[in-house]
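S.K.: Dropping a structure here in structure tokens format, bear with me for questions.
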Amino acid sequence: MIKTLNGDQAMAHAALSCGVKLATSYPGSPSSGAVEALIGLTEEQDLFVEWSSNERVALEMGIGASIAGRRALVCTKSVGLNVMVDPLMALNLTPINGGLVILLGDDPGGYGSQNDQDSRPLAVLLEMPLLEPASPTEGYAMMREAFRISEEYHTVVIIRETRSFTKQEEPVELGDAPRGNTGLGLRREPWRYVPVPLNAVEKHRDLHRRMEALSGWADRAPFNPAVGHGTRGVIAAGFAHRKLLDVVGENEPEQFRLLKLGNLCPLPAGTVGAFLKQCEEVLVLEEIEPFLETQIKALAYDIGFRGKIYGKQTGHTGREGELFRWQIQQALAGFLPDLLPAKDFSQRDEQTEKPQKANHCHGCGYDKILDALEKAARSLDQKPVLVGDPGCLVTVADRLDAKFAIGSAVGVADGLSKAGIEERAVALFGDSSFFHSTLPGICNAVHNQSNILMVVLDNQATATSGYQSNPGVNRDARGHEAPGLDMEVIVRACGVEHVITWGPSDPESSLVTHFRDALRTQEL
């Protein structure tokens, strides 16, 4: 069967064709789209899906399913992978059972993120294989192969997608979904899933053996084809390859050699080395940092390649933001001056290339809440320092003094307070952030007798990413009734004594009064 799918939908169909039993995620674009697609394609008896309280919990759910011998898909955006690193740095030492794949949504350009992060170097730190598809068709094939090699080499596999990749659509040929897949069964084996100081070095040695075997697989994988002629070569990674073809056309190039790289870690050294030996000069196209360029230069040194390698480190492409088609065309003009593009792109086209993002923040009332807070502060001759979290507070970011990672507002505000500033420190965060990672900061503030003011902005949803549920909402990922945890009860249990609740049906004047009372109070 052939269906027209975007990148996220192709990933979802592929995971189902592999018999995935559990899919987890903390909402965040790109990558949430694959979870939404899975919810639409399945019934609860066929696939357990949840919006987890944070990315670490999502991963740990996947680990449990893998130990039970079932295949699991964990979806996360770039900054969510950062949250997962702690358990991943132990998981890499423990040979897994059921296939476990992480679908990683990077966001070149920071369209929906607080940073312009390139997550690929984390795969090297984690010593885990990393793949990046150029098209939905290849994404479908990669997801299927990722589950296979995850079980063959007993490792987590990371597939990287970008926001622009998820928006691309094309016809994809779908395989049949598995029937009666019962998994590999629970595997209980002494020390297999228990890394401790006693066995950490030996487990690390075994990890290196598995990565060495994966290096051989990378050279045999079908995701790194080379075509073309001549002594000049272009290496294009992942979705950058698709953009390159939009510039030069689909036909086999006559004026240069082209190597498409889908295996990014471990690098298919034999494949890349053989390509280099056919070239005198090579241009590397990738997003965002010179991740592959650096590795390829090291490999070139090892094999005695004397030619030039160009890319981000030589200024041929930038190291920030998305790599646009006009920038690829510009880089090619310097590298292959006689090349005529199949289609002309200019910087004027940049806005049309940027992926569109739904605005879930329209009509947000947080400006009114800050207006009330500032009015109350002025009446007390105060000018509080406002520290926010990512998410909904991006709509009032111009009014904040600081905003870092999700869950960090309370700790940063408390640090300001403990540093002895005269101004009152105020931490502002959403309900999803509260359950994600704010609670430890609240416990720390109570224990250390903080005098900060904490403001929870409750949307009853993870609003900015599409109104997905969180533990404070009385519905689950599929919309079924579920226990909604009461934040007021929780913070009181954490030791916060002064708690005020205000809702949109209450008069706005009362909100100013509440803030005035809270700013006067010096204890939590």
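The values are calculated or read from the model by the stated rules, or taken from the named source; none is laboratory data. As the structure is a computational prediction, the values presented were derived from the model and not from experiment. Every residue, glycine as well, gets a Cβ built from its backbone with ideal geometry; the counts of neighbours run over all protein chains shown. All accessible areas refer to the heavy atoms of the entire protein, side chains included, with ligands and DNA or RNA removed. Shrake-Rupley method; radii C 1.70, N 1.55, O 1.52, S 1.80 Å.
S.K.: Identify, please: which residue in the stretch 485-500 is farther than 20 Å from Ser52 by Cα and acidic (Asp, Glu) and is, among those, least open to solvent (accessible area, probe 1.4 Å)?
M.R.: Filtering the stretch 485-500 for residues that are farther than 20 Å from Ser52 by Cα and acidic (Asp, Glu), the one least open to solvent (accessible area, probe 1.4 Å) comes out as Glu488.
S.K.: Just to check your reading of the model, which residue among Val234, Val227 is more than 21 Å from Ala141 (Cβ to Cβ) and part of a strand (DSSP E or B)?
M.R.: Val234
S.K.: Follow-up question, since we're still on this one. Before we move on, is Arg325 touching a residue at least 60 places away in the same chain (Cβ under 8 Å), basic (Lys, Arg) and more than 30 Å from Phe515 (Cα to Cα)?
M.R.: Criteria met by Arg325.
S.K.: Look at Thr4 and say whether it is surrounded by fewer than 19 Cβ atoms within 10 Å (Cβ to Cβ) and either in a helix (DSSP H, G or I) or not acidic (Asp, Glu) (or both).
M.R.: yes
S.K.: Between a first residue in the stretch 120-148 that is without any contact (Cβ under 8 Å) to a residue 12 or more places away in the chain and a second residue that is surrounded by fewer than 24 Cβ atoms within 10 Å (Cβ to Cβ), which pairs have beta carbons less than 6 Å apart while being 6 or more apart in sequence or on different chains?
M.R.: none
S.K.: Filtering the stretch 470-524 down to residues that are touching a Lys or Arg at 6+ places or on another chain (Cβ under 7 Å) and in a loop (DSSP other than H, G, I, E, B), which residue is nearest to Phe435 (Cα to Cα)?
M.R.: Checking each candidate, the answer is Ala482.
S.K.: Is there any pair linking a residue in the stretch 187-211 that is of a type in the set (A, V, I, L, M) to one that is surrounded by 13 or more Cβ atoms within 10 Å (Cβ to Cβ), with Cβ under 7 Å and at least six apart or on different chains, and which?
M.R.: Listed pairs, sorted by first residue: Ala200/Leu93; Leu207/Asn92; Leu207/Leu93; Leu207/Glu127; Met211/Glu127; Met211/Pro266.
S.K.: Please find, within the stretch 287-306, the residue that is most open to solvent (accessible area, probe 1.4 Å) out of those that are aromatic (Phe, Trp, Tyr) and in a helix (DSSP H, G or I).
M.R.: The extreme case among them is Tyr301.
S.K.: Residues that are out of contact with any Phe, Trp or Tyr (no Cβ under 9 Å at 6 or more places or on another chain), within 28 Å of Val20 (Cβ to Cβ) and not hydrophobic (A, V, I, L, M, F, W, C): does the stretch 226-240 have at least one?
M.R.: No, the stretch 226-240 contains no residue that is out of contact with any Phe, Trp or Tyr (no Cβ under 9 Å at 6 or more places or on another chain), within 28 Å of Val20 (Cβ to Cβ) and not hydrophobic (A, V, I, L, M, F, W, C).
S.K.: Here's a follow-up. Mind checking which residues of the stretch 12-70 are surrounded by 22 or more Cβ atoms within 10 Å (Cβ to Cβ), hydroxyl-bearing (Ser, Thr, Tyr) and assigned to a helix (DSSP H, G or I)?
M.R.: Hits for the stretch 12-70 are Ser32, Ser66.
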